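Quick notes on the structure that follows.
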Amino acid sequence: MRLHETTKVELLTYARENGVQVVKPFILVIARDTTHAGQLLALLESPQFYEGRYAGKVIQVDSSRTGAEEEEMIARLLAVESVDEPTEIVIHVNMLKEGWDVTNLYTIVPLRAASARTLVEQSIGRGLRLPYGKRTGTAAVDRLNIVAHDRFQEIVDDANRADSPIRLKQVILDAPSADDKKVSVQVGSGAMTRLGLSVAPDIAPAPGGTGAAPTPPGAPMFATEAELNAARVVMDVIGKYEVKRDLVPTSSALLTPEVRRQILAEVTERLKPLQGDLLAGTDTAQPVIDLAAVVAKTTDIVVQQTIDIPRISVVPTGEVTTGFNAFTLDVSQLHLQPGAREIVGQMLRTNEQFTLASAAGLKEARLEDYIVHALVDFDDIDYFTHAELLYEVAGQMVRHLQTYLSEAEVISVLDRDRRLIAREIHAQMLAHFWEKATSYEVQVSRGFTELRPCNYTVVAGQTSHHFRETVVEIGRIKQMLFGGFTKCLYPLQRFDSDTERRFAVILERDAQKWFKPAKGQFLIYYKLGTEQPEYIPDFVAETATHIFMVETKARTDVETQEVAAKASAAAQWCRHASDHAKAVGGKPWVYVLLPHDEVKESSRLVDYIRFQAKP
């Protein structure tokens, strides 16, 4: 149940970070028999079990239910994916067979003996369906948890077979402690906090906690509901000015009299239905507010609490050509076997058996043609352009099959599994894809962008720590929130390592303003195999002369392929951002890839320019 609760919080944080629908996870408990299932239901819904937290959230699925109870059980089971349906635990004995597909099964607890193969096929298979239709790269979102039982080693061995669809990773839960309960918190930007539109999470001191309380960011600019409502409208209007690059090329342009007049006019128009209350003061219950003053104060705060981050996209122009580089096919996991091409049936009335034989498909002139004809069905493969490569990789596959099959068996496998083989080859081809254009055009759609809220999963009931506080338990730093900043654009931040915390100390001393970006702030993507993940840099900091984008890495990781791919994409982005900044009178961007052992408080931020990574 601790694992389940942690998974719930991780899913909530992921949904907030990515702006997607929240997934409600549930647990599948496999009972020994109906009596055992009833005992489990009574235990899980009892007041003694987690203070009765799961009362009404457990269903028992077995043959002991009949009539109205059975109908209710089936209805709840079919609705278990809905976030509005309360069920979090499903107990079953042996009723869940075909016809029940779910994407939110995250934990399986087998409490009865079963063969590894049966457990994998009947239960684990249900949990392999991904709720978002793809792997997200977030371990807690992509992982199915199987609690160890008497056949655990058999399950591990079965999963490690070459043809197994699953791979297992061992996770050992520590003994219960005060750190078990996790919560998902959302931290708004410093601008939203200063305006009173967002409140930094109030994390109560833990019993015996010694963490220093963070320094408050200052009293909110607006206190009355009327002013707050007007400030919300101003922030919404400012968001629309992000795309008006000719009028507002940088955030500082929001301070010009002309832009302020336009914002005031639009805000006044939006609040027009309330003008009798807010502006004329005809309703004595409503205070009179000065909209011009609200606009001026709000734009001041936005500019103070913003580092101009342009929205940049690079698009090809002119003729675009694509292709695939030659490569050696990885056939280590492909051990296809021929199978019988017939179906055996039996008449229920007479018990007479019969067979339906399947005729072989069209016989190809060359063995490679079976694969090539399936490959050209993919939209991104043109036969006339890629024929040489297609026959090369198809030949590699045929030669692999010939190492362990007879000629007739090879034809059988190619005829039956040609599309399966083609999908595998195509997936490997994508890793060797190339694109060339006559030229590329850099498009800047926004001169600045509003800071996105940060979403964190942290230990409940903790004290938020002062960023200068030395962390004794380094392994727990990801579970902590830090505050006390004077130059950070967020009231609270979380660090992934103590290196990051120490670098924040340097930024508080040397930068004018800084922050750790949230997911989706930059929209920088890098190529890693067949994937194009989003790159989220560790820090962004502005000084009097430059804007730094910084990544802190262990020195042993600096030369790895993934870090190099991230650095290349980020350095390209910084080059385009610098070109844009030069055109609008802004500061150049510098991408710094910083080894962890160089982060020392005796160093100055400007000293790190020597670690600049260039495209």
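Details
- Cβ crowding within 10 Å averaged over residues, with 536-548, 406-418 ranked highest first: 536-548, 406-418
- Using a Förster distance of 22 Å, the FRET efficiency for ASP377-THR403 (Cβ separation, nearest 0.05): 0.25
- Among ASP84, ASP379, the sequence by solvent-accessible area, most first, with a 1.4 Å probe is ASP379, ASP84.
- Between VAL147 and GLN186, full extension at 0.36 nm per residue minus the direct alpha carbon distance yields a gain of 11.0 nm.
- If you take the Cα centroid of the stretch 20-51 and the Cα centroid of the stretch 422-492, the two points sit 36 Å apart.
- In terms of the mean number of neighbouring beta-carbon atoms within 10 Å, the peptides 185-193, 496-504 order highest first as 185-193, 496-504.
- Here the ratio of the Cα radius of gyration of the stretch 469-615 to 2.2 N^0.38 Å is 1.03.
- Segment VAL505..LEU523, full-extension length gain: 3.8 nm, with 0.36 nm per residue of separation and the alpha-carbon distance subtracted.
- Where TYR383, TYR525, TYR535 fall by accessible area, highest first, once all protein chains stay in place (1.4 Å): TYR525, TYR383, TYR535
The values are calculated or read from the model by the stated rules, or taken from the named source; none is laboratory data. Fair warning: this is a prediction, and the values are worked out from it, not measured in the lab. As a convention, Cβ positions derive from the backbone with ideal geometry for all residues, glycine included, and neighbour counts pool all protein chains shown. These accessible areas exclude ligands, DNA and RNA; they are computed on the full protein's heavy atoms, side chains included. Shrake-Rupley method; radii C 1.70, N 1.55, O 1.52, S 1.80 Å.
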